[in-house]
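Okay, so here's the structure we're looking at.
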Amino acid sequence: GQNIDQPTEMTATEGAIVQINCTYQTSGFNGLFWYQQHAGEAPTFLSYNVLDGLEEKGRFSSFLSRSKGYSYLLLKELQMKDSASYLCAVRSSGAGSYQLTFGKGTKLSVIP
Amino acid sequence: DTEVTQTPKHLVMGMTNKKSLKCEQHMGHRAMYWYKQKAKKPPELMFVYSYEKLSINESVPSRFSPECPNSSLLNLHLHALQPEDSALYLCASSEGARGYTFGSGTRLTVV
């Protein structure tokens, strides 16, 4: 089975930096994804890590440690529009196909 | 074309109705997925199609019936649904190690 944990809610101030953590336990690990989802909308892809280390993409960075089963998403220079749910998702391989399993999501509220 | 298109965007159906959700992508992705998402919950995997063949069925009730007519299309046939099946139904596609692309979803209400 798979187990993915991330905080339920976080609040941060506009212009600040926030780090959203995700821990996971899975078999057949084949990559970790971060998605952003605004209420009532589909998830949108933010980042992907399959090797250890930091991936940077503009204001967003994501880190992965496979030995620790740990990832974080770092958001810099927060903007009000960053208020959304952030979903950590682990891809596993098996039965000839890939499967993406989502954590419960972290609802981020950005305040002025 | 880098999108996954889902139709309809909204659907209201009675418990005795038969309806279908449609999903289309022209990115050449070989894997396509159906997810169900209830309010304030993460997406839950329902079905995985790989090379047009059903490879994963996550113990979904038979009132949901997937179909993959070709590599670009994925349908979800609905029959005799229950009010608790009301949710956002998301289609996604992927190819190899690249990220999943999600459609904008169909918001289904069963009355």
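The values are calculated or read from the model by the stated rules, or taken from the named source; none is laboratory data. These figures come from a predicted structure and were not determined experimentally. Please note: Cβ atoms are built from the backbone with ideal geometry, for glycine as well, and neighbour counts cover all protein chains shown.
With the structure loaded, tell me whether B:Thr106 is out of contact with any helix residue (DSSP H, G or I) (no Cβ under 9 Å at 6 or more places or on another chain) and within 8 Å of another protein chain (Cβ to nearest Cβ) or whether it fails that test. It would help to see each step written out before you state the result.
Values: out of contact with any helix residue (DSSP H, G or I) (no Cβ under 9 Å at 6 or more places or on another chain): yes; within 8 Å of another protein chain (Cβ to nearest Cβ): no.
For B:Thr106, the condition - out of contact with any helix residue (DSSP H, G or I) (no Cβ under 9 Å at 6 or more places or on another chain) and within 8 Å of another protein chain (Cβ to nearest Cβ) - is not met.
Can you pull out every residue in the range B:33-73 that is of a type in the set (Asp, Glu) and in contact (Cβ under 8 Å) with a residue 12 or more places away in the chain?
Answer for the range B:33-73, where residues must be of a type in the set (Asp, Glu) and in contact (Cβ under 8 Å) with a residue 12 or more places away in the chain: B:Glu44, B:Glu52, B:Glu58.
Just to verify a result, which residue in the range A:66-103, among those that are more than 8 Å from chain B (Cβ to nearest Cβ) and loosely packed, with under 13 Cβ neighbours inside 10 Å, is modelled with the lowest pLDDT?
My answer is A:Gly94.
May I ask you to say which residue of B:Gly103, B:Gly99 is under 11 Å from the mean Cα position of the chain (by Cα) and either free of Cβ contacts under 8 Å to residues at least 12 places away in the same chain or under 17 Å from A:Tyr35 (Cβ atoms) (or both)?
Details: B:Gly99 fails: under 11 Å from the mean Cα position of the chain (by Cα).
B:Gly103 is the lone residue from the list that is under 11 Å from the mean Cα position of the chain (by Cα) and either free of Cβ contacts under 8 Å to residues at least 12 places away in the same chain or under 17 Å from A:Tyr35 (Cβ atoms) (or both).
Given (1) within 13 Å of chain A (Cβ to nearest Cβ); (2) at pLDDT 95 or above; (3) touching a Lys or Arg at 6+ places or on another chain (Cβ under 8 Å), where does B:Cys91 come up short, assuming only one miss?
B:Cys91 satisfies every listed condition except (3).
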